[in-house]
Amino acid sequence: MEGNGSTVLQKNQTIVTQRKTMKQKMKKLLQNYDLYLLLLPTLLYFVLFHYFPMYGVQIAFKNFNAALGINGSPWVGFEQFVRFFNSYQFWSVLKNTMGLALFELAMFPIPVIMALLLNQLVHRRFKRIVQTVTYAPHFISVVVLVGMLYLFLSPRNGLINQLIVLLGGEPIFFFGIPEWFKPLFVFSGVWQNLGWGMIIYLAALTSVSPDLHEAAIMDGASKLRRIWHIDIPGILPTVIILLILNMGNLLNVGFEKVYLMQNSVNISSSEIIQTHVYKAGLLGAQFSYATAVGLFNSLINFILLIIVNQTAKKAGQSSLW
């Protein structure tokens with residue numbers, strides 16, 4: 001009887017504690033209601049446009065028929081995935097996507113290096129000019145950027161080909177040679193997004209204490225030594241976090257730019273998962289198949305995110321969770 005009485009007492013105490021905790025939380029919520037109201041549109045955006053559409057992922061496991069709807073369409077399991085894995089395009093599409101993704105990932109250190117170098121500039125006006133020049137291309141739309149590439153690289157009157165002819169070479173049809181697709185895509189992206197990437201690292205560099213640089217100068221350290229031993233360790237957590245996020249988005253190369261640069265001549269190296277999904281899903285009305293391919297792409301990104309995050313965590317570096 002005593003044991004039952006103590007158990008009941010403990011349960012009552014737990015209930016009272018939980019109620020007190022809930023009251024404290026509600027009190028804090030009411031005190032900061034204006035902050036939660038500001039957060040509400042963002043929460044609604046993610047719920048409506050990111051979480052709610054996940055309901056449609058089940059199309060990948062069904063033979064979707066618009067007349068029957070999602071629930072009424074027959075269940076086929078992994079048939080759409082097997083179809084994609086057995087298709088003649090699977091390896092070429094995967095190879096092109098991975099090739100572009102890894103090529104872009106190899107350019108990841110460029111904004112870091114540029115931010116470190118720019119941070120060492122003493123002349124403020126020149127520093128602002130460099131920031132403006134490198135940041136401005138970020139506001140150019142993808143359509144305009146691809147149009148500029150077509151104009152500059154035109155085999156007849158493009159600026160680049162005119163320079164090649166002036167130096168005694170033959171004009172090159174850059175968009176007609178499959179081997180040129182990846183370099184054009186990646187380096188034009190570096191040029192467009194360099195300034196945007198630098199902003200984050202420059203902001204991180206402002207948190208590095210000037211006292212450390214003053215002490216290093218007193219000890220006779222050169223600029224390269226100060227960059228290596230002070231600046232890089234100072235921004236390393238930011239670099240690691242952005243690298244993890246990039247890895248989680250690795251295979252999302254970018255549909256718009258690839259599709260605009262793609263043509264019948266370079267398609268052997270420009271057909272990626274996103275363009276394949278667009279052609280199969282929207283143009284070919286193969287909704288279940290396209291959803292399966294897109295889900296496969298998202299799962300690969302999710303697995304890479306988990307692996308890289310855990311690796312960074314085990315190495316004692318910053319991680320997302």
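The values are calculated or read from the model by the stated rules, or taken from the named source; none is laboratory data. All of these numbers come straight from a predicted model, not from anything done at the bench. Neighbour counts run over all protein chains shown; Cβ positions are idealised from the backbone, glycine included.
Quick notes on this one:
- The requirement of being touching a residue at least 40 places away in the same chain (Cβ under 8 Å) and β-branched (V, I, T) is satisfied by I241.
- Looking only at the stretch 118-153, and only at residues there that are modelled with pLDDT under 90 and not in a helix (DSSP H, G or I), the one that is surrounded by the fewest Cβ atoms within 10 Å (Cβ to Cβ): V122
- Any hit, the stretch 256-269, residues being outside any helix (DSSP H, G or I), closer than 21 Å to K182 by Cα and among the hydroxyl-bearing types (S, T, Y): yes
- Any chance I230 is out of contact with any Ser or Thr (no Cβ under 8 Å at 6 or more places or on another chain), under 21 Å from M198 (Cα atoms) and either modelled with pLDDT of 85 or more or outside any helix (DSSP H, G or I) (or both): yes
- Selection status of Q262, assigned by TED's automatic domain parsing to the domain that holds V144, in contact with an Asp or Glu (Cβ under 8 Å, 6 or more places away or on another chain) and either over 23 Å from E79 (Cα atoms) or surrounded by fewer than 19 Cβ atoms within 10 Å (Cβ to Cβ) (or both): yes
- Segments classed as helices (runs of 4 or more DSSP H), wholly inside the stretch 42-117, with at least 3 members that are within 28 Å of the chain's Cα centre (by Cα), at pLDDT 90 or above and buried (at least 16 other Cβ atoms within 10 Å of the Cβ): 79-86, 90-106
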